[in-house]
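S.K.: Input: one structure, supplied below.
The values are calculated or read from the model by the stated rules, or taken from the named source; none is laboratory data. Just so it is clear, the model here is predicted, and its values are computed rather than measured. Note: ideal-geometry Cβ built from the backbone for every residue, glycine included; neighbour counts use all protein chains shown.
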Protein chains: 2
Amino acid sequence: MPSHVITAVSAHDQRYALERGAGADSIHSNPQYSYAVTQLHAGDLRGTGLAFTLGGGNDLVCAAIRQMSESLVGREIEELMTGFGDVYAQILEHPQYRWLGPHKGVVHLALSSIVNACWDLWAKSRGLPLWLLLLDLQPEQLLNTLHMRYLDDVLTADEALDMLRSHERTRQQRMGIIERGYPGYDTSIGWFQYSDDTIRQNIIKSLDRGFEAVKLKVGSADAARDIRRAYLVRETVGESARVMLDCNQQWTLEQAIAVCHELRGMNPYWIEEPTHPDDVLAHQTLARAIAPLQLAIGEHLPNQLLFKNYLQAAACGFVQPDCVRLGGVSEFIVVSLLARKFGVPVVPHVGDMGQIHQHLVLFNHIALGHEVIFLEYIPHLRSHFTQPARVEDGVYVTPQAPGSSSDLKALKRKM
Amino acid sequence: MPSHVITAVSAHDQRYALERGAGADSIHSNPQYSYAVTQLHAGDLRGTGLAFTLGGGNDLVCAAIRQMSESLVGREIEELMTGFGDVYAQILEHPQYRWLGPHKGVVHLALSSIVNACWDLWAKSRGLPLWLLLLDLQPEQLLNTLHMRYLDDVLTADEALDMLRSHERTRQQRMGIIERGYPGYDTSIGWFQYSDDTIRQNIIKSLDRGFEAVKLKVGSADAARDIRRAYLVRETVGESARVMLDCNQQWTLEQAIAVCHELRGMNPYWIEEPTHPDDVLAHQTLARAIAPLQLAIGEHLPNQLLFKNYLQAAACGFVQPDCVRLGGVSEFIVVSLLARKFGVPVVPHVGDMGQIHQHLVLFNHIALGHEVIFLEYIPHLRSHFTQPARVEDGVYVTPQAPGSSSDLKALKRKM
């Protein structure tokens, strides 16, 4: 294996304007999709890592990346990734920066970007797409890249190892997904400010493009608007398509219970982020109140501890970890292991626009036996990636280029 | 009332070296006590707000303060604080910055500093110490300075109003605390790296100075060290003093259960931060396993939602909100209302070294009827405050100067 030593780390504040109304939900009314980008410079290779924000404060994440990544300089990537769990822990548990979380907010977003850059460089240095690197690792090797602290009461390292090993024997049965491609779902038909007409037109286009699942943003001050639009979507897509409703944390518990009962009739596949993501017990109460209707949560859960609590409390039916918010690919995998233990499906939130997660869902299915559901698809930043995800007939075409598909065109001058 | 218009906001990155070993615990081995300071410039007045960090990344909080406080310029302080809850919400729920939390980490620390500066300026503009300003406000006025979103399932605004009103009638019975002063406890006898001898000597000095409660840092890799030192402290202070044991998040749930059983015999008043603060359910399990031994938690809970969950889950016997981590004085009061509803005592963590909290505990006792327990005392930054808290015979002497006692000497040039 050729040696690839990291000689420098740079951070880049990339912000992208969106078309009018795109990306807006009940809470985030004026987003500017942005990445706090880590670049690891290693000879002719660049490891690229992303953390996702909505614009304001993206520079704070970049500043944190610069401060927290210094120890990577001088490390060789193969050597770094052997026992990467310890490297991860050193950054995560820094005795001063830890105070700024712990394990949440700006410093955790920075960790996310740094960790993703390490995985990207590793995959590139081996000439493999990330999904194939992950599948190539021995269970012990993979486990050494993770940080499983504070999880022993529900999942020990030994159990995780057993889980990986036991699924190795049946991998071949699940490899077909590589050829078939992973199904996508279309988030962009129903942004919050879109008119009813726009939504109808978007749905027709979406069905034409092969999608069989769509998402509508809800959480209006006027619950009647939400209900009317949800039934409109159902009417337009027909009975067989899946429709997800995303509230983006807008409701109180009481509102959520009331509106969910009204929405039941249009048969939503899930209700997403009904209320504040820190409120595990409110979600538990809600989940019980509206069963068998399911909740989905995760895009704003800061770390594996919150996921553990949601799973223990049976407070959601789907988890939606996002590797550009959590501590990167490593913590995404830990959450996937936890979810598998509890028998809960993983349907990532794609702050990365699906670029990295298209790799991770293949790993989840093949190596962990997670059910194939679908992967969110958001097209708004396609033109900015050097290798945008290809979705054809509603299906992600498996990426083959080395790395994690994270490279962006025209990075701004390093900060 | 004279008009005080905010003409500028500045942020200051203040970091202070500590004596060897001071401030160190099982997790935070090398702290540099630091404040991200907000200054509101209003004629001849300066409103000062603090957020506390351990050094690294304090500049990130300062940068966030600058970005998030712009809307305060041009506002008159009396007008601003009438309906301050809405101002608070506008900063808290900014549709882009919210993504960096929500309501946690660097942006929430910045909010804390900004909010505290507003309260400080308000108190100074009225010529009142913060505790007296708080007691002077009518219940409706006070409620308008708070942001109680997502709490309706356990505490509505109407209930909070009733709580404030019902305690007004009996205030006089509790005013004696102003003259007597609020009792302190001594955190600094038992930092993690102090030798057994140093701890013994510190305890003797502490008892001489009138303290009747002390804290020891635990969370060693070697549980036997913790247990030995805990019994040593008990032996040194005698049977009647209270001894608190603080683990600073070091244990797993399993370790915590095992060590707590061993510690029971030295009769600790509480076990503080046994494991990761995001893990509500681990604390619930632990609290049940070690009852009647009590847990204390809060210095790292990012916001009122986590406190709500801890209280609902009966996962702790004491809450320790810190107004230099939470959204300042406003969110501290919300947490105090919640705790009162659940009958759980509030014993603040003092990232502010007790400067602001000496005001807030008086309010909590007199206006909310919270039990007087004691307030943490940490002397390491005394020389840097213009009006350091006075603790005599183990008791905080009630401050009389206008404001929140937050002013620091020699602020660095504004960032």
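S.K.: Looking at the range A:172-281, what helices (runs of 4 or more DSSP H) fall wholly within it and have at least 1 residues that are surrounded by fewer than 16 Cβ atoms within 10 Å (Cβ to Cβ), over 27 Å from the mean Cα position of the chain (by Cα) and away from chain B (no Cβ under 14 Å)?
M.R.: A:196-208, A:223-237, A:253-263
S.K.: Report yes if some residue within the range A:324-333 is crowded, with 24+ Cβ neighbours inside 10 Å and either of a type in the set (S, T, N, Q) or not assigned by TED's automatic domain parsing to the domain that holds A:PRO302 (or both); otherwise report no.
M.R.: Looking through the range A:324-333, at least one residue is crowded, with 24+ Cβ neighbours inside 10 Å and either of a type in the set (S, T, N, Q) or not assigned by TED's automatic domain parsing to the domain that holds A:PRO302 (or both).
S.K.: Let me ask you something else. Within the range B:159-212, how many residues turn out to be over 30 Å from B:ILE227 (Cβ atoms) and either in contact with a Pro (Cβ under 8 Å, 6 or more places away or on another chain) or touching a residue at least 60 places away in the same chain (Cβ under 8 Å) (or both)?
M.R.: So the answer is 18.
S.K.: Since A:ALA314 meets every condition but one in (1) more than 10 Å from every other protein chain (Cβ to nearest Cβ); (2) assigned to a helix (DSSP H, G or I); (3) farther than 20 Å from A:GLY85 by Cβ, which condition does it not meet?
M.R.: Only one criterion in (1) more than 10 Å from every other protein chain (Cβ to nearest Cβ); (2) assigned to a helix (DSSP H, G or I); (3) farther than 20 Å from A:GLY85 by Cβ is unmet by A:ALA314, namely (2).
S.K.: Any idea how many residues of the range B:340-354 are crowded, with 24+ Cβ neighbours inside 10 Å and out of contact with any Lys or Arg (no Cβ under 7 Å at 6 or more places or on another chain)?
M.R.: 8
S.K.: Among the residues of the range B:48-77, write down those that are away from chain A (no Cβ under 13 Å) and within 21 Å of the chain's Cα centre (by Cα).
M.R.: B:THR48, B:GLY49, B:LEU50, listed by residue number.
S.K.: Next up: Looking at the structure I just gave you, is B:SER10 in a strand (DSSP E or B), small (Gly, Ala, Ser) and modelled with pLDDT of 95 or more?
M.R.: yes
Here's the yes/no breakdown for (1) at pLDDT 95 or above; (2) within 21 Å of B:TRP270 (Cβ to Cβ); (3) not in a loop (DSSP other than H, G, I, E, B):
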| site | (1), (2), (3) |
| --- | --- |
| B:LEU305 | yes, no, yes |
| B:VAL329 | yes, no, yes |
| B:VAL344 | yes, yes, no |
| B:GLY354 | yes, yes, no |
| B:LEU360 | yes, yes, yes |
| B:GLU371 | yes, yes, no |
| B:GLU376 | yes, yes, yes |
| B:ALA389 | yes, no, no |
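S.K.: Something else: Pairs please, first residue from the range B:85-96 and within 11 Å of chain A (Cβ to nearest Cβ) and under 13 Å from B:GLY327 (Cβ atoms), second anywhere and assigned to a loop (DSSP other than H, G, I, E, B) and aliphatic (A, V, I, L, M), Cβ atoms under 8 Å, 6+ apart in sequence or on different chains.
M.R.: Note: pairs meeting the criteria are B:GLU93/A:ILE27.
S.K.: What about A:GLU140, is it within 18 Å of A:ILE333 (Cβ to Cβ) and away from every other protein chain (no Cβ under 14 Å)?
M.R.: Spelling it out, A:GLU140 is indeed within 18 Å of A:ILE333 (Cβ to Cβ) and away from every other protein chain (no Cβ under 14 Å).
S.K.: Answer yes or no: is there a residue in the range A:97-118 that is surrounded by fewer than 23 Cβ atoms within 10 Å (Cβ to Cβ) and free of Cβ contacts under 8 Å to residues at least 12 places away in the same chain.
M.R.: yes
S.K.: Consider the range B:33-87. How many of its residues are buried (at least 24 other Cβ atoms within 10 Å of the Cβ), in a loop (DSSP other than H, G, I, E, B) and among the aromatic types (Phe, Trp, Tyr)?
M.R.: Going through the range B:33-87 one residue at a time, the tally reaches 0.
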